[in-house]
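The values are calculated or read from the model by the stated rules, or taken from the named source; none is laboratory data. Because the structure is a prediction, the values reported are computed rather than measured. All Cβ positions, even for glycine, are placed from backbone atoms using ideal geometry, and neighbour counts span all protein chains on display.
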Amino acid sequence: MTVFADRTDVRSIALSADSGIDRSANHRLDEAWLAAAWSHPSTRVFVVSGGQALVDDTPDGRTELVMTPSFEAPPTENHRYFLGVDQDGVRYFALQKDSLPGPVGQSARPAGLREVGALLSARDAGLLVHAVALENWQRLHRFCSRCGARTVIAAAGHVRRCPACGAEHYPRTDPAVIMLVTDEHDRALLGRQVHWPAGRYSTLAGFVEPGESVEQAVVREVAEEVGVIVGEVDYVASQPWPFPSSLMLGFMARATSSAIRVDGDEIHEARWFSRADLRAAFESGEVLPPFSISIASRLVELWYGEPLPGTPS
């Protein structure tokens, strides 16, 4: 595998930019430090529930996380997650609740990463993706996989410990590959999943299986989904994707065959597109571009050579 030489041409990938937040993992076990950080007047807190948080649209057109000082935050006993410290020394926490608090301000509204991940600042997007990933894991892993006992939260939300057998459990991240396949004529292969609306095309993707390298996963997934054989595989970039716990690893892949045979289970339709074909399909409305929050749109742009028209956020 090689690293794609022109990856700097890819526009900023949502959820992947440097947030400016130091996660400060060394403080997660320091209860005295965490208590002092929580009590500091500059500390900022937001609530996450069901993958959503409150956001606010500012008068100058920006979208921001609604955060409050810790003394204004709703009470919680256990589900308080330390997210890190910014360069000004501000500490950030997320609270996991069963529901979001009432909107703060007339324009505040609940939203998830799919809706606003591409609109938030790098700081806010980084905080929210961290909080949502922790919340997803915490909700789904409440019991010990070794003995079945109920576990307790530790390390400021980043560990669950079993009081019965002493096992420690950590947040899981499932690696997935997402790839734009091109052929000898420099056409791009795009597919439409079974549950997508007519016209919505995107890159192929799939999970890495046990005992498999990411390069092998790219080759296998393309062959399984559309029957195309892949040779060269070049890494481009990655994107955290907490829906609920994936890390998307983006690749450009070169096909050595062009005959398409869709599996019918995941992929309903797949087509080769030249740049002219895709441009005409965008203009006519026959093809809808992938969502801008996904690394898929950036992979297609890298081949297409410019931002995709009408990319939905």
Report task. Can you tell me which residue among Glu215, Glu225 is assigned to a helix (DSSP H, G or I), crowded, with 21+ Cβ neighbours inside 10 Å and touching a residue at least 24 places away in the same chain (Cβ under 8 Å)? Result -> Glu225
Query raised in the report: In segment 199-222, how many residues are within 16 Å of the chain's Cα centre (by Cα) and of a type in the set (Phe, Trp, Tyr)?
Result: 1
Query raised in the report: How many residues, within segment 173-194, are loosely packed, with under 15 Cβ neighbours inside 10 Å and not in a strand (DSSP E or B)?
Result: 5
Query - From Ala35, Ala53, residue being under 25 Å from the mean Cα position of the chain (by Cα) and at pLDDT 95 or above - result: Ala53
Query raised in the report: Could we say that Ala108 is outside the structural domain of Pro242 (by TED's automatic domain parsing), over 15 Å from Ala73 (Cα atoms) and either touching a residue at least 24 places away in the same chain (Cβ under 8 Å) or of a type in the set (A, V, I, L, M) (or both) here?
Result: yes
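Which one of Ala276, Ala281 is more than 19 Å from Ala118 (Cβ to Cβ) and surrounded by fewer than 14 Cβ atoms within 10 Å (Cβ to Cβ)? Even if it seems obvious, please write down each step before you answer.
On the way: Ala281 fails: surrounded by fewer than 14 Cβ atoms within 10 Å (Cβ to Cβ).
After applying the criteria, what remains is Ala276.
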